[in-house]
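Asker: The structure's right below; bear with me while I get my questions together.
The values are calculated or read from the model by the stated rules, or taken from the named source; none is laboratory data. As the structure is a prediction and not an experimental result, all values here were calculated from the model. Counting neighbours? That spans all protein chains shown, and the Cβs are built from the backbone with ideal geometry, glycine included.
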Amino acid sequence: MSAKLFLGAIAKFLLGVVLVGVLVFLPAGTFNYFGGWLLMGILFVPMFLAGIVMMFVNPDLLKKRLNAKEKEREQSIVVKLSGLMFILGFVVASLDFRFGWFPLPTGVSIGGAVVFLLAYIMYAEVLRENTYLSRTIELQENQKVISTGLYGVVRHPMYSATLLLFLSIPIVLGSLISFLIFLSYPFIIAKRIKNEEKVLTQNLEGYKEYKEKVKYRLIPFIW
């Protein structure tokens, strides 16, 4: 673990806390927003703990996860669309809370938090199984195909986990309108997966055979 990696990780973590806090509480016009605090807790506490574990156990993986600069033009567009979805989703959820448009019951928000945490556990398992995972589409030195565990069920279990994570966020925030905005995520991630598989098929030995073995990309028996 290097001091540079530690400071970079802490800086990005704090930036994320501030950014999400502003997007959630500023439009709400109050800090008395249960769904907002619930989301902050389930999002950033596990993230902080996971970062600490990676920092000591697998700093190379942490470094890859912190690198968010896409080289592929098509993937850069996907990242920007995802960012727009998050901004609109957070702001609309907070306005929904502020003006009481279509609020969801507190029990539903808590149920969404349970789904979020279960998806986070799935996400952590994917990171444990595949140490080649980075936030950008790239081939790494000595990279090989992973076909066991969750990778034996779907080809992109990390995206399956993020699908559950992101669709549960507006539920935690208690906003049906925001949920409709987040429904754009499956289409955004489908575009990313198609481009990623094109790159992996062309450049990663054994990936073509892996696609023939594991038929489903994201959701078993569906796609």
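Asker: Condition test on G41, is it modelled with pLDDT of 90 or more, in a helix (DSSP H, G or I) and exposed (fewer than 12 other Cβ atoms within 10 Å of the Cβ)? Quick ask: steps written out before the conclusion?
Answerer: Working: modelled with pLDDT of 90 or more: yes; in a helix (DSSP H, G or I): yes; exposed (fewer than 12 other Cβ atoms within 10 Å of the Cβ): no.
The answer is no for G41.
Asker: Further, regarding this structure: Of all residues being in contact with a strand residue (DSSP E or B) (Cβ under 9 Å, 6 or more places away or on another chain) and either surrounded by fewer than 20 Cβ atoms within 10 Å (Cβ to Cβ) or among the small types (G, A, S) (or both) in region 76-101, which is farthest from V22 (Cα to Cα)? Just the residue, please. Break it down into steps so the answer makes sense when it comes.
Answerer: At the first step, the residues of region 76-101 found to be in contact with a strand residue (DSSP E or B) (Cβ under 9 Å, 6 or more places away or on another chain) are 89, 92-97, 101.
Cutting the leftovers down to either surrounded by fewer than 20 Cβ atoms within 10 Å (Cβ to Cβ) or among the small types (G, A, S) (or both) gives us 89, 93-95, 101.
Working: G89: 13, A93: 13, S94: 10, L95: 13, W101: 21 Å.
Here the residue is W101.
Asker: Mind checking which residues of region 1-19 are hydrophobic (A, V, I, L, M, F, W, C), loosely packed, with under 14 Cβ neighbours inside 10 Å and over 17 Å from F86 (Cα atoms)?
Answerer: Pass one, region 1-19, residues hydrophobic (A, V, I, L, M, F, W, C): 1, 3, 5-7, 9-11, 13-15, 17-19.
With the extra rule that they be loosely packed, with under 14 Cβ neighbours inside 10 Å, the set shrinks to 1, 3, 7, 10-11, 14-15, 18-19.
Result: M1, A3, L7, I10, A11, L14.
Asker: Now, a different point. Can you name every residue in region 210-223 that is surrounded by 11 or more Cβ atoms within 10 Å (Cβ to Cβ), free of Cβ contacts under 8 Å to residues at least 12 places away in the same chain and outside any loop (DSSP other than H, G, I, E, B)?
Answerer: none
Asker: Let me ask something else about it. Can you tell me which residue in region 65-75 is modelled with the highest pLDDT, limited to those that are part of a helix (DSSP H, G or I) and crowded, with 17+ Cβ neighbours inside 10 Å? Reasoning before the result, please.
Answerer: Quick first cut of region 65-75, residues part of a helix (DSSP H, G or I) only: 65-66, 73-75.
Subset that is crowded, with 17+ Cβ neighbours inside 10 Å: 65-66, 75.
Numbers: R65: 67, L66: 68, Q75: 71.
Filtering first and then ranking leaves Q75.
Asker: Right, here's the next one. Any chance you could count how many residues in region 154-202 are among the hydroxyl-bearing types (S, T, Y), more than 12 Å from the chain's Cα centre (by Cα) and more than 25 Å from L104 (Cα to Cα)? Give the derivation first.
Answerer: Let us first name the residues in region 154-202 that are among the hydroxyl-bearing types (S, T, Y), namely 159-160, 162, 168, 175, 178, 184-185, 201.
Now restrict to residues that are more than 12 Å from the chain's Cα centre (by Cα): 175, 178, 184, 201.
Imposing the further condition that a residue be more than 25 Å from L104 (Cα to Cα) reduces the set to 201.
Qualifying residue count, region 154-202: 1.
Asker: If I go through region 203-223 residue by residue, how many of them are over 17 Å from V78 (Cα atoms), within 19 Å of the chain's Cα centre (by Cα) and among the aliphatic types (A, V, I, L, M)?
Answerer: Going through region 203-223 one residue at a time, the tally reaches 1.
Asker: List the residue pairs whose Cβ atoms are under 6 Å apart, where the first residue sits in region 1-30 and is farther than 17 Å from I52 by Cβ and of a type outside the set (V, I, T), the second is modelled with pLDDT under 95 and in a helix (DSSP H, G or I), and the two are 6 or more positions apart or on different chains.
Answerer: Partner pairs satisfying both residue conditions: none exist.
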